[in-house]
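Below: one structure, written as structure tokens.
Read-outs: derived from the displayed coordinates by stated rules, not from any lab. No experiment lies behind these values; they were computed from the predicted model shown. For neighbour counting, all protein chains shown are included, and Cβ atoms are generated from backbone atoms with ideal geometry for every residue, glycine included.
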Amino acid sequence: MINRRLFLRAPAALAAAGLATTGLATTGLATIGIAGRTSPARAAQIDDDGLHVQPWFMDTFLEMRDDHAEAREAGKNFVVFFEQRGCPYCREMHEVNLARPDIADYVKSNFGAVRINIWGSKRVTDFDGEELEERALARKWGVSFTPTLSFFGMDEPEAGKTGRDLEVARMPGYFKPFHFLSMFEYVRDGAYADTDFQRYIHAKVEKLEEQGVKVDIWN
């Protein structure tokens, strides 16, 4: 289960954790990055709803249990991107983080991904079988700002559980590239089962520094 103490904070508290969001509030950001690894922003494709598109997003009927099963059958974890039109931090996520080949390649190789518009009206079926609109699913899962990424493990979902019940980790806002990639690694490694993300990050930074890699925590 997700560590809600770390991942379900109010937007105003996220600034202290180095996050940025668009929704009920907009905050500053300060996260860890590796010196020399920053990339210039690169325009991403926008769809008719004004949302960013990745070529590796799953093309599905937005039936969460089926989409999760499809990802698992391919040996991948499952992640749901919650976004909205005009979200500057969604743009940053796509045009900076996901424009980096190392990050994009890792995500598409290890995760099946779908995108939900938090104001959208497309029909979605939650893990528990309830059919509802995108915006209603966002409310049901407690998503009120963007970007928010909800991660799921490799186990078969328990019957009757909602996505909010089943998620193993949540990215509650925009993370700079180092934190962003690390969150995907955290889920892929299954580290959420025995440690929180903060400790995982600290251990990763210490290991990189031991290997002589310079880590800039304010990049």
**Fill in**
In segment 120-178, the trypsin sites (Lys or Arg not before Pro) that sit in a DSSP loop and have at most 14 other Cβ atoms within 10 Å of their own Cβ are K122, K161
**Item:** Summed side-chain charge close to R85 - residues other than R85 whose Cβ falls under 11 Å, Lys, Arg +1, Asp, Glu -1
**Value:** -3
**Asked** In sequence order, what are the phi-derived ³J(HN,Hα) couplings for segment 49-57 according to the Karplus relation 6.51 cos²θ - 1.76 cosθ + 1.60 with θ = phi - 60°, rounded to whole Hz, with x for glycine and proline?
**Response** 8, x, 9, 6, 10, 10, x, 9, 4
**Asked** What Rg and what Dmax come out for segment 110-219 when only alpha-carbon atoms are used, in angstroms?
**Response** 16.2, 51
**Asked** Which chymotrypsin sites (Phe, Trp or Tyr not before Pro) from segment 119-183 combine a DSSP loop assignment with at most 16 other Cβ atoms within 10 Å?
**Response** W119
**Asked** Residues with amide H under 5 Å of Y174's amide H, sequence separation 5 or more or different chain, H placed in the peptide plane at 1.01 Å from N; which?
**Response** A20, T21
**Complete:** Phi angles of segment 182-187, converted by Karplus (6.51 cos²θ - 1.76 cosθ + 1.60, θ = phi - 60°) into ³J(HN,Hα) in whole Hz with x for Gly and Pro, give 5, 5, 5, 5, 4, 6
**Request:** Could you tell me which of rounded, prolate or oblate describes segment 83-169, using a ≥ b ≥ c as the square roots of the eigenvalues of the alpha-carbon gyration tensor, with rounded for a/c under 1.5 and, failing that, prolate when a/b is larger than b/c and oblate otherwise?
**Result:** oblate
**Message:** At a 10 Å Cβ-Cβ cut-off, how would you order T162, T148, T60, fewest neighbours first?
**Reply:** T60, T162, T148
**Prompt:** Amide H of F78: which non-local residues (sequence gap of 5 or more, or other chain) have their own amide H closer than 5 Å, using H built in the peptide plane?
**Reply:** G112, F152
**Request:** State, to one decimal in nm, how far the label point of A69 lies from the label point of E158, with both points 7 Å from Cα in the Cβ direction.
**Result:** 2.0
**Request:** List the lysines whose Cα lies under 29 Å from the Cα of K140, skipping any in the same chain that are fewer than 8 positions away.
**Result:** K76, K108, K122, K161, K176
**Asked** Which residues' amide hydrogens lie under 5 Å from the amide hydrogen of I116, considering only partners 5 or more residues apart or on another chain, with H built in the peptide plane?
**Response** F81, F82, E83
